[in-house]
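A.B. asks: My questions all concern the structure below.
The values are calculated or read from the model by the stated rules, or taken from the named source; none is laboratory data. Note that the coordinates shown come from a computational prediction; the quantities given were computed from them, not determined experimentally. Neighbour counts run over all protein chains shown; Cβ positions are idealised from the backbone, glycine included.
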Amino acid sequence: MDRRYKLIRRVKACDASEADTLHLVEVLDRENRSQDFWADRGYHDKCRERWLKQLG
């Protein structure tokens, strides 16, 4: 979601049987320069945290 305008920037539609956490990479907008990242608890794991830190 765009911080300034509060608009959704990317969407991934998938089957309801799939965990949405599997699609994080596909919905991240690399053009977005904000360093804030908000997600529910299901997205938190050490591997993702390291990856996000590497991206800045």
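A.B. asks: With the requirement that a residue be assigned to a loop (DSSP other than H, G, I, E, B) and either surrounded by 10 or more Cβ atoms within 10 Å (Cβ to Cβ) or at pLDDT 85 or above (or both), what does region 17-33 give you?
C.D. replies: 17, 18, 19, 28, 29, 32 - these are the residues of region 17-33 that are assigned to a loop (DSSP other than H, G, I, E, B) and either surrounded by 10 or more Cβ atoms within 10 Å (Cβ to Cβ) or at pLDDT 85 or above (or both).
A.B. asks: Also: Scan region 38-56 residue by residue and report those that are under 24 Å from residue 4 (Cβ atoms) and touching a helix residue (DSSP H, G or I) at 6+ places or on another chain (Cβ under 6 Å).
C.D. replies: Residue satisfying the conditions is 43 alone.
A.B. asks: Quick check on residue 36: is it at pLDDT below 85, surrounded by 10 or more Cβ atoms within 10 Å (Cβ to Cβ) and not aromatic (Phe, Trp, Tyr)?
C.D. replies: Here the answer is no, as residue 36 does not meet what is asked.
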